[in-house]
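The values are calculated or read from the model by the stated rules, or taken from the named source; none is laboratory data. Note that this is a predicted model, so its numbers are computed, not measured. We place every Cβ from the backbone using ideal geometry, glycine too, and count neighbours over all the protein chains shown. To get the accessible areas, we keep the full protein, side chains included, count just its heavy atoms, and leave off ligands, DNA and RNA. Shrake-Rupley method; radii C 1.70, N 1.55, O 1.52, S 1.80 Å.
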Amino acid sequence: MSGDDCIFCKMVADQIPVTKIYEDEIVLAFLDIGPISDGHTLVILKQHFEKLHECPPQLLGQLASCLIKIARAVASAMKPDGYNVLCNNGRAAGQLVGHLHFHIIPRNSGDGLFSRWPAYKYEEGKIGEIATRIRKNL
Ligand code: 5GP
Ligand code: ZN
């Protein structure tokens, strides 16, 4: 998906309405229109990148600074028991909007969100093989 047909780029360009939380030259934060908890907020770079690893580190750093500020504000305002910061990359990972974004999702004890976490154990030797494979790609 290019910036031209991207719904988040249209928000940045003020072509569609959005409930803004924070805006500067680089970052926009707004309330998710389909929240999974009250105060569910999205934080994006104004520039269009699809996935985390496609984003220049310096820009990601600037986004991270805002993410801290906005997470603090969401936590202070909504007073949840906790919150998740989530970044889906690719359709298989649940990314529906192809413009890099971070969810801040307020959480409360027993809310049942993300209750399934299908952890398993590696077979003998596999953890080392996988670590080697990833390190070779750094
Ligand atoms: P993803 O699944 O790509 O990580 O999350 C995309 C998020 O964008 C969803 O939580 C969805 O509710 C939100 N979203 C999609 N379209 C709009 C919109 O037009 N306005 C707002 N505020 N949020 C949107
Ligand atoms: Zn975009």
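Protein-only accessible surface at a 1.4 angstrom probe places the residues Y120, Y83 in the order Y120, Y83, largest first.
Given an 8 Å cut-off on Cα distances and at least 6 residues of separation, report the relative contact order of region 1-80 as a percent. Walk me through the numbers on the way to the answer.
Working: 71 pairs, mean separation 18.9, N = 80.
Rounded, it is 24 percent for region 1-80.
As a test of the formula, what do you get for the chain when each DSSP H run with n ≥ 4 contributes -39,500 (n - 2.57) and the sum is divided by the residue count, at 222 nm and rounded to the nearest 500 deg cm²/dmol?
Theoretical 222 nm ellipticity from helices: -8500 deg cm²/dmol.
Given R₀ = 41 Å, what would the calculated FRET efficiency be for D81 paired with D24, taking r from the Cβ atoms and rounding to 0.05? My answer for the efficiency is 0.85.
Which order do E25, E123, E54 take when ranked by solvent-accessible area (1.4 Å probe, heavy atoms of all protein chains), largest first?
E25, E123, E54
Judged by a Cβ-Cβ distance under 4.7 Å, the unpaired cysteines of the chain are C55, C66, C87. Applying the criteria of a DSSP loop state and at most 11 other Cβ atoms within 10 Å to the trypsin sites (Lys or Arg not before Pro) of region 43-135 yields R116, K121. Remark: spin-label model distance T132-Q62 equals 4.2 nm, labels positioned 7 Å along the Cα→Cβ axis. Roll a 1.4 Å probe over the protein heavy atoms and report the accessible area of E23 in Å², nearest 10. Roll a 1.4 Å probe over it and E23 shows about 80 Å². Separation of the alpha carbons by more than 27 angstrom is noted, of K20/K79; K10/K69; K51/K79; K69/K136; K20/K51; K10/K51, for K51/K79; K69/K136. To the nearest 10 degrees, how steep is helix 57-78 against the longest Cα principal axis of the chain, on a 0 to 90 scale? Compared with the principal axis, the helix lies near 70 degrees.
Each of Q95 and A13 was given a label point 7 Å from its Cα along the Cα-to-Cβ line. The distance between the two points is 2.1 nm. For the chain, just say rounded, prolate or oblate: build the C-alpha gyration tensor, square-root its eigenvalues into a ≥ b ≥ c, call rounded for a/c under 1.5, and beyond that prolate if a/b exceeds b/c, oblate if not. Oblate, since a/c reaches 1.5 and b/c is not below a/b. The angle separating the long axis of helix 126-135 from the principal Cα axis of greatest extent in the chain is about 50 degrees. Give me the one-decimal nm value for the distance between modelled label points at F114 and D38, 7 Å along each residue's Cα-to-Cβ direction. Rounded to a tenth, the inter-label distance reads 2.1 nm.
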